[in-house]
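> Have a look at this one.
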Amino acid sequence: MSRAISLHSVSKVYGRTRAVDRFSLDIMPGEFVVLLGPSGCGKSTVLRMIAGLEDISDGELLLDGERSNHVPPRERGMAMVFQNFALYPSMTNRDNIGFPLRLENPRTDNSARVEATARMLGIESVLDRYPSQLSGGERQRVAMGRAISRRPSAFLMDEPLSNLDAKLRNHLRAEIAQLTAELGVTTVYVTHDQAEAMSLGDRVAVMRGGVLQQVSPPREVYALPENVFVAAFIGTPRINLLEAVVYAPLDGRMSIDLGRQRLPLPEPLSPEHQLLRVQQGRQVIVGLRSEAVRIAQPSRARPGEVALSGLVEHMEYQGHEALVHLNTGSRPAVVTDLESARPRPAGRRRRSAGPGMLERIRERAAGHVSGPVVVMDDPVAAEPAAYSPDRPAITASDLVVRTSPDMRLRTGAQVPLLVDLAHLYVFDHQGRRICPAPRDLPGLDV
Ligand SMILES: Nc1ncnc2c1ncn2[C@@H]1O[C@H](COP(=O)(O)OP(=O)(O)OP(=O)(O)O)[C@@H](O)[C@H]1O
Ligand SMILES: [Mg+2]
């Protein structure tokens, strides 16, 4: 029988570290939920609390609706599969798979069950070998077999594929999806690989610094990220995030000032864009996925597209497509913690005009190129950044655009761009999505 697993405001505190902070999630029987986030964000800790391998410092764990904080791990009927799966080297694979069954019931003959499990996993032919005589992928399947053979009420998998090469990982990923769907067993799967999360999960729960950021079906975490962290964590190439200021003159056309260029918002304003009016003069973060921008002349603009231009920094050939790295003279916004746990920058960093500005912009741009960035912390700009063509140029790319692999572009060339405003994201200074409007905003259908 498949289990419902609920965590209500669950926290885990180690000394002075809050590894998991008020984590709440209701997992339905048979559902496949992926916990996704950078290293150190608390994924394994959540899984271990569900398994009963870790005490819960605060909050409630419910299994099928019953408070189960103190139920011993054995009585939870769950099976765990780890990254470093430990098979017993002195036992054949057959005995390894049958081991949990023998523990449960030493007198019963389990051979039929072991063989059925092996068939399901395509490892019948290696049952009488020892683990050392298997490939990594086969060993992982035996480990999976050991977890399945008990017919658990839930699978808890902690990066079970991360030791395998990319091809095998993709292959086993598909098998895990199929297998868990066939068995209909509730599965909680931990990974820091967003592509794996997107392809496996019924829902993806994104974590950062012990805190749940969003839990949604894969399409929704991609299309409607609730904050700038989720937007940046999901999707390859990473979403383009640019610092900007909303410019909303009372008598003129509203636009988003990107520093050296502006994105004019089409009149009449859509309800979404109307909402931006209240942000007038404020620092925001604009998010544009690489598919929201194309290289084309303004004369070829479709409805809803507006023109920008960019300087080609370099091209990345990827076989089926090419990524063009451009400089539009904007400031890349920076999001911390994207790659791994890093100390937050101490104190607030104030931005002010004057000497040193260029250095700071360069510093930020360089930070963007190497990955993690600084969250903008100055909610209201002293004044809207003036549109000035002679502002210092930033010497790194700030925008990545997808093109056909056949497109040939010279480094240093100025190219026309069209931005599809239907795919424009705007986040406020705290990183919360304001466009498209969050769902809890009354009167708006998103
Ligand atoms: N036994 C422990 N004592 C103290 N701190 C711990 C302990 N276990 C984990 N932590 C801390 O709790 C935080 C979350 O750890 P956890 O293992 O859950 O992260 P994770 O998201 O699984 O990371 P990874 O992707 O690297 O496996 C980390 O900061 C870690 O250092
Ligand atoms: Mg972990």
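The values are calculated or read from the model by the stated rules, or taken from the named source; none is laboratory data. A quick note: this is a predicted structure, and the numbers were derived from the prediction, not measured. So basically every Cβ, Gly included, is an ideal-geometry build from the backbone, and we count neighbours across all protein chains shown.
> Identify, from the list ARG67, ARG74, the residue that is touching an Asp or Glu at 6+ places or on another chain (Cβ under 7 Å), farther than 20 Å from GLU159 by Cα, without any contact (Cβ under 8 Å) to a residue 12 or more places away in the chain and more than 16 Å from ligand 1 (Cβ to nearest atom).
Numbers: ARG74 fails: touching an Asp or Glu at 6+ places or on another chain (Cβ under 7 Å).
It is ARG67.
> Would you mind finding the one in ALA195, ALA181 that is touching a residue at least 24 places away in the same chain (Cβ under 8 Å), surrounded by fewer than 24 Cβ atoms within 10 Å (Cβ to Cβ) and in contact with a Phe, Trp or Tyr (Cβ under 8 Å, 6 or more places away or on another chain)? Break it down stepwise before answering.
Values: ALA195 fails: in contact with a Phe, Trp or Tyr (Cβ under 8 Å, 6 or more places away or on another chain).
Exactly one of ALA195, ALA181 is touching a residue at least 24 places away in the same chain (Cβ under 8 Å), surrounded by fewer than 24 Cβ atoms within 10 Å (Cβ to Cβ) and in contact with a Phe, Trp or Tyr (Cβ under 8 Å, 6 or more places away or on another chain), namely ALA181.
> Within segment 3-10, can one find any residue that is away from ligand 2 (no atom under 15 Å from the Cβ), touching a Gly at 6+ places or on another chain (Cβ under 8 Å) and of a type in the set (D, E, K, R)? Reasoning before the result, please.
Taking segment 3-10 as the starting set, the residues that turn out to be away from ligand 2 (no atom under 15 Å from the Cβ) are 3-10.
Keeping just the survivors that are touching a Gly at 6+ places or on another chain (Cβ under 8 Å) gives 3-4, 6-10.
Checking which are of a type in the set (D, E, K, R) leaves us with 3.
Among the residues of segment 3-10, at least one is away from ligand 2 (no atom under 15 Å from the Cβ), touching a Gly at 6+ places or on another chain (Cβ under 8 Å) and of a type in the set (D, E, K, R), which makes the answer yes.
> Residues of segment 107-117 being polar (S, T, N, Q) and surrounded by fewer than 18 Cβ atoms within 10 Å (Cβ to Cβ), which ones? Explain how you work it out, then say what you get.
Kept after step one, since they are polar (S, T, N, Q), are these residues of segment 107-117: 108, 110-111, 117.
Of everything in segment 107-117, those that are polar (S, T, N, Q) and surrounded by fewer than 18 Cβ atoms within 10 Å (Cβ to Cβ) turn out to be THR108, SER111.
> Where the second residue is surrounded by 18 or more Cβ atoms within 10 Å (Cβ to Cβ) and modelled with pLDDT under 50 and the first is farther than 12 Å from ILE239 by Cα and of a type outside the set (Ser, Thr, Tyr) and lies in segment 391-403, which pairs have Cβ atoms under 7 Å and are six or more apart or on separate chains?
As it stands, the answer is PRO392/ILE361; ILE394/ILE361; ILE394/ALA365; ALA396/ALA365; ALA396/HIS368, since those pairs meet every condition given.
Table: residues versus (1) under 25 Å from GLN178 (Cβ atoms); (2) assigned to a loop (DSSP other than H, G, I, E, B).
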residue	(1), (2)
ASP21	no, no
ILE50	yes, no
GLY59	no, no
HIS70	no, yes
MET80	yes, no
MET91	no, yes
LEU103	no, no
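> Any residue at all in segment 151-166 that's over 30 Å from MET49 (Cβ atoms), modelled with pLDDT of 90 or more and either more than 26 Å from the chain's Cα centre (by Cα) or crowded, with 18+ Cβ neighbours inside 10 Å (or both)? Walk me through how you get there before you give the answer.
In the first step, residues of segment 151-166 are kept if they are over 30 Å from MET49 (Cβ atoms); the result is 165-166.
With modelled with pLDDT of 90 or more added as a condition, the list becomes none.
No - not one qualifying residue is present in segment 151-166.
> Of all residues being of a type in the set (Val, Ile, Thr) and farther than 17 Å from LEU35 by Cα in segment 205-238, which is modelled with the lowest pLDDT? Just the residue, please.
Step one: list which residues in segment 205-238 are of a type in the set (Val, Ile, Thr), which gives 206, 211, 215, 221, 228, 230, 234, 236.
From what's left, farther than 17 Å from LEU35 by Cα: 228, 236.
Working: VAL228: 96, THR236: 90.
Ranking the candidates gives THR236 first.
> Something else: Just checking: which of the strands (runs of 3 or more DSSP E) contained wholly in segment 177-219 hold 1 or more residues that are within 16 Å of ligand 2 (Cβ to nearest atom) and within 26 Å of ARG150 (Cα to Cα)?
Numbers: elements: 186-191, 203-208, 211-216.
Output list reads 186-191.
> So if I check each of GLU75, GLU104, GLU31, GLU66, which one is surrounded by 14 or more Cβ atoms within 10 Å (Cβ to Cβ) and away from ligand 2 (no atom under 16 Å from the Cβ)? Please lay out each step first, then the result.
Working: GLU75 fails: surrounded by 14 or more Cβ atoms within 10 Å (Cβ to Cβ); GLU104 fails: surrounded by 14 or more Cβ atoms within 10 Å (Cβ to Cβ); GLU66 fails: surrounded by 14 or more Cβ atoms within 10 Å (Cβ to Cβ).
One residue alone meets the criteria, GLU31.
> Give the residue, chosen from LEU250, LEU241, that is farther than 17 Å from VAL34 by Cα, in the same structural domain as ARG289 (by TED's automatic domain parsing) and part of a strand (DSSP E or B).
Values: LEU250 fails: part of a strand (DSSP E or B).
After applying the criteria, what remains is LEU241.
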